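Colleague: There's a structure below that I have some questions on.
Rule-based calculations on the coordinates, nothing more; no lab input. Keep in mind the model is a prediction, meaning the values are calculated, not measured. Positions of Cβ are backbone-derived with ideal geometry, glycine not excepted, and every protein chain shown enters the neighbour counts.
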């Protein structure tokens, strides 16, 4: 019989406690220890529509005639405290309402996480698909006025993206450092809203213009900075994300599918940095475009891409790396109320949808408006404002096409971090102006803004809420 010392149980207990502490140090967020608590799996997937598919540039009127370059979905899965967090940036015009929920739900299943922890945004190229499931079903029920998206093809794309996410989950890499950098972008974005002396909008400056008056008008309010966040395994880059605010079109609307000048600059950046996955997301570019500096030619596309690429490279070279010590996920929820005036009521949209004499673009708008109204009746499921706090940087996603003022507001709300404000999350509300814009007039607070005055207070309150250091992480 082996005699056991009375001190043995204490030694075993001590060893067990030490092992538990070691495990905790290796797995919990914010340890700052040599063994990182974080891992990341980056991925990409082709989401190019086939020849003949509709494009959002003309709301279903035109179709794909050729493919200049593929449309892509890029993203990463971040592992740390709690369930994984997924970010996906898609070369599409928009993904709204139930379709946006569908993307998040299916990707969440593939990444083995929950829908609230999946961030899906689009870059908003117009030679690209635009999807809203309910809107498409409504259009199909009124004598087939036209398709905005082929739902069976869309389902196959989502399945493919989910498969890529699922396979990426098995190839995660340890993340030791986070990097941030920024650089000024020259001669790309300009404000689309040109004001007269009375403070009202007198001219609209879109993505391309050959009008000297529009080219000579002041640039207006923009955010001139491209911001870059990167993730590293010691000296090896694993993934990076560049964010800049503007409508991303140059030469477009002719049936030629392209990720446009932002995609071209992205491809050059991928070649420049041979390791890792490097991609792009749009900021709050609802009232910004390249119209001051773009004449709509193919040559201008190259020039815009070169300017964006120069700023991207400069931001990369200026990157400051620090140990990744926190990666906290937060989320705020808000209900944006539907617009109540004449022309935006359910009966107005239904009448327009059934009007065979109305332009197809107007009937499409009616279907999207009805889809948004349906969304607003479900007060238990508002719009999420997800945010990931990396300490030195905070990454926030807003819905719709938000004005650049919200991006600048978010930066002021968290001045101690570099705030990356992404737009074009859930596309359901479409344009999200500031309140005074409805008095100033112009295109953006017009027919394609399904929210009305009062939206500014709600969005700003949600931004304050999610960026606040006092808020507890969402479990």
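Colleague: Mind checking the alpha-carbon convex hull of region 128-227 and giving the volume per residue in Å³? Spell out each step's value before the answer.
Modeller: On the way: hull volume 22.0 nm³, N = 100.
Spread over its residues, the Cα hull of region 128-227 gives 220 Å³ apiece.
Colleague: Could you state the angle between the C-alpha long axis of helix 298-317 and the longest principal axis of the C-alpha atoms of the chain, as a value from 0 to 90 degrees rounded to the nearest 10?
Modeller: That helix lies at roughly 20 degrees to the long axis.
Colleague: Would you mind computing Rg(Cα) / (2.2 N^0.38 Å) for the chain, counting N as its residues?
Modeller: Working: Rg = 23.6 Å, N = 475, 2.2 N^0.38 = 22.9 Å.
Rg over 2.2 N^0.38 Å, computed on Cα atoms: 1.03.
Colleague: Return one quarter of the surface area of the convex hull spanned by the alpha-carbon atoms of region 242-312, equal to its mean projected area, in nm². Write down the numbers at each step before the final one.
Modeller: Values: hull surface 19.7 nm².
Orientation-averaged projected area of the Cα hull: 4.9 nm².
Colleague: Please determine, in degrees from 0 to 90 and to the nearest 10, the orientation of helix 455-467 with respect to the longest principal axis defined by the Cα atoms of the chain, where the helix direction is its Cα long axis.
Modeller: Once rounded, the angle reads 20 degrees.
Colleague: While we're looking at this one, here's another question. Helix 360-376 sits at what angle to the longest principal axis of the chain, using alpha carbons and giving 0 to 90 degrees rounded to 10?
Modeller: 40
Colleague: Something else: If you take every DSSP beta bridge fully contained in region 38-467, what fraction is antiparallel? Give it as a percent rounded to 5. Don't skip to the end; give the middle numbers.
Modeller: Details: 54 of 77 bridges.
Roughly 70 percent of the beta bridges in region 38-467 run antiparallel, per DSSP.
Colleague: Stick to Cα atoms and the Kirkwood definition of Rh, then tell me Rg/Rh for region 323-475.
Modeller: Working: Rg = 17.2 Å, Rh = 16.6 Å.
Ratio of gyration radius to Kirkwood radius: 1.04.
Colleague: Take the Cα radius of gyration of region 66-171 and divide it by 2.2 N^0.38 Å, with N its residue count; two decimals is plenty.
Modeller: 1.14
Colleague: From the mean inverse distance of alpha carbon pairs (Kirkwood) and the Cα radius of gyration, derive Rg over Rh for region 333-423. Don't skip to the end; give the middle numbers.
Modeller: Details: Rg = 17.6 Å, Rh = 15.5 Å.
Value, to two decimals: 1.13.
Colleague: Report the normalised scattering of region 203-265 as log10 I(q)/I(0) at q = 0.14, 0.22, 0.24, 0.28 Å⁻¹, calculated by the Debye formula with identical scatterers on the alpha carbons.
Modeller: The Debye formula, applied to the Cα set alone, gives -0.63, -1.07, -1.15, -1.23.
Colleague: Same structure, new question: Could you order peptides 155-166, 181-192, 91-102 by the average number of other Cβ atoms within 10 Å of their residues, highest first? Can you show the working numbers first?
Modeller: On the way: 155-166: 17.4, 181-192: 20.6, 91-102: 25.1.
Descending mean neighbour count gives 91-102, 181-192, 155-166.
Colleague: What order, most packed first, do the peptides 436-446, 385-395 have when packing is the mean number of other Cβ atoms within 10 Å of each residue?
Modeller: Values: 436-446: 18.2, 385-395: 22.0.
Those peptides, ordered most packed to least, come out 385-395, 436-446.
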